[in-house]
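Shown next, in structure tokens, is the structure this report addresses.
The values are calculated or read from the model by the stated rules, or taken from the named source; none is laboratory data. Note that this is a predicted model, so its numbers are computed, not measured. Every residue, glycine among them, receives a Cβ derived from its backbone with ideal geometry; neighbour counts consider all protein chains shown. Each accessible area value is taken on the protein alone, full model and side chains, heavy atoms only, with ligands, DNA and RNA left out. Shrake-Rupley method; radii C 1.70, N 1.55, O 1.52, S 1.80 Å.
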Amino acid sequence: MSSPWVIDQIHITIRLVLALLLGGLIGFEREVSSHAAGLRTHILVCVGSALVMLVSMYGFSTFVNEVNVRIDPSRLAAQVISGIGFLGAGTIMFNGRSITGLTTAASLWVVAGIGLAVGAGFYYPAVLACFMVLISLWILNKVEHKFFNGKKIRILKIQAIDQPGTLGLITTLLGKQKVDIRKISLEEQENDNKPNHVQITFHVTIPKPSIVASILEEINQIQGITGVTLEKSKN
């Protein structure tokens, strides 16, 4: 390329395809983990950012030689980084005293940066950043689950007959096991096969993974309990 302000169609194609691949890799990990922003969202953010960078750098080449015209390729890029916040905010959820979705919001933000880097022809940093993000999402996620699992919010769902005292028995049992209750919600079950049933949902942190089975077994033994499930809260 003889001029820094001109790019041919082949290089445009290479940059957009590379942005699609790098954004898709990170989006695939989020999709497999069943998060709100998955494969398509990350691809769109990365390709869109690359396109904005291309427009910022080469879209105004006609006016480069005009008097009183200054080309600043960084201006549109800066707006992408600040503007991507609305997508990130859409993936963050506040439940009681816990916040989920921060990791996905951060992945969207960094994918926008990767797209801008690809659009600017900064290939090595873009690929390296993608590789580092994948390490953070895959490997460090396993490390977190192994060593810091007790700090994770879990969702305990209990189906029970609607009768006085059941909620008190459950909270007492959880308290004895040193389970931290973050939030409690109760919902009536509209089911003809199970009349007068409610679903009690607890957002909890469990100090030791080894006591999960005993907790579920003890809850099942409470009179009036018809079902218990424990789910991991999505981050």
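Taking every protein chain into account, the 1.4 Å probe leaves residue 15 with about 10 Å² of accessible area, to the nearest ten. Charged neighbours of residue 47, selected by a Cβ distance under 11 Å, balance to +2 (K, R count +1; D, E count -1). Of the Cα atoms belonging to segment 97-143, the radius of gyration and Dmax stand at 12.5, 43 Å. Estimated at the nearest 10 Å², the accessible area of residue 188 is 140 Å² with a 1.4 Å probe.
With the whole protein complex present, residue 138 retains an accessible surface near 120 Å², based on a 1.4 Å probe. Charged neighbours of residue 200, selected by a Cβ distance under 12 Å, balance to -1 (K, R count +1; D, E count -1).
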